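Notes for the one structure printed next.
The values are calculated or read from the model by the stated rules, or taken from the named source; none is laboratory data. Quick caveat: nothing in here was measured; it's all calculated off a predicted structure. Glycine gets a Cβ as well: all are built from the backbone with ideal geometry, and neighbour counts include every protein chain shown.
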Amino acid sequence: MKFFKKINISTQFDQKNTVKQVIGVFKNFLINPVKKIFLGQKKITNFDDLKDFISNKSAYVSQFTLYGYLRTRMGGINFYKSLDDLPFQKSVNIARWNIYLVSVQDLLLFTFSYIYNKQDRNIITSANSFFVKILEEQEPFGLEVELKNKSIHEFDERIKKVNWHMCYKQRPFEKSCEALFSWAPIADQLKDLDKEIVINSMDVQWQNIMIDFVKLLQPLNTNVR
């Protein structure tokens, strides 16, 4: 049975570190809960903390759910063997970046909407520049300029329609869940059977991130950006 769907878009990736990266994501899933218990998590006290939270949590959720879905659908052995296949690696990397970018959009809108309602009405004026800064920091890690600019344009259009009063309450992660389903390089005839499960798998991870954010958020020091 054909599991894999090739995505024909050029993007950069590190072939040597693909397997190491995937294993690292699953290790973090096991280790992070233990770290939370014994070490706690870094509080969000300023804009730098907020930027790191959005970027890191978006990367974790997008990669963990993508790799988890591929491993489940293809079978663990087939999945790890396929990581040595160049077309599969390229398609996974394309999916990873596209899901990550939508995840950053979703998490930024959620956090800014929450802060807007709970702390600071002025924070939304920084939303566009904040998003651009997060993406610029990803360029050394392989985010291509063309894809970055495309995502910035999408965010600019999206933010025009945001209801800041309600955004954090109304299915704030719907688009990234849909991106996971859309971009995962699985054959369409198989993917169609998995839609509800795939979307729910990511939604569960986002629910945990939302809880963490509310616990970690402190009154922001706006002088530290």
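Within the stretch 61-82, restricting attention to residues that are β-branched (V, I, T) and buried (at least 19 other Cβ atoms within 10 Å of the Cβ), which residue is farthest from L180 (Cα to Cα)? Filtering the stretch 61-82 for residues that are β-branched (V, I, T) and buried (at least 19 other Cβ atoms within 10 Å of the Cβ), the one farthest from L180 (Cα to Cα) comes out as V61. The lone criterion from (1) farther than 22 Å from K90 by Cβ; (2) touching a helix residue (DSSP H, G or I) at 6+ places or on another chain (Cβ under 8 Å) left unmet by V198 is number (1).
In summary, G68 fulfils each of the numbered conditions (1) at pLDDT 70 or above; (2) over 18 Å from the mean Cα position of the chain (by Cα); (3) over 26 Å from V145 (Cβ atoms) with the single exception of condition (2). Residues in the stretch 36-49: is at least one crowded, with 22+ Cβ neighbours inside 10 Å and closer than 18 Å to W206 by Cα? Yes: the stretch 36-49 contains one or more residues that are crowded, with 22+ Cβ neighbours inside 10 Å and closer than 18 Å to W206 by Cα. For the stretch 198-223, a tally of residues being assigned to a helix (DSSP H, G or I) and touching a strand residue (DSSP E or B) at 6+ places or on another chain (Cβ under 8 Å) returns 2. L108 meets each of the listed conditions (1) surrounded by 21 or more Cβ atoms within 10 Å (Cβ to Cβ); (2) farther than 24 Å from S201 by Cα apart from (2). Are any residues in the stretch 165-180 closer than 25 Å to M74 by Cα and surrounded by 20 or more Cβ atoms within 10 Å (Cβ to Cβ), and if so, which ones? If the condition is that a residue be closer than 25 Å to M74 by Cα and surrounded by 20 or more Cβ atoms within 10 Å (Cβ to Cβ), then S176, C177, A179, L180 are the ones that fit. Among residues of the stretch 79-105 being within 15 Å of Q63 (Cα to Cα) and of a type in the set (D, E, K, R), the one that is nearest to the chain's Cα centre (by Cα) is R96.
In a helix (DSSP H, G or I) and either within 18 Å of N46 (Cα to Cα) or touching a Cys at 6+ places or on another chain (Cβ under 6 Å) (or both) - does that describe any residue in the stretch 86-96? Scanning the stretch 86-96, I find no residue that is in a helix (DSSP H, G or I) and either within 18 Å of N46 (Cα to Cα) or touching a Cys at 6+ places or on another chain (Cβ under 6 Å) (or both), so the answer is no. With respect to the conditions (1) over 17 Å from L217 (Cβ atoms); (2) assigned to a loop (DSSP other than H, G, I, E, B), Q105 falls short on a single one, namely (2).
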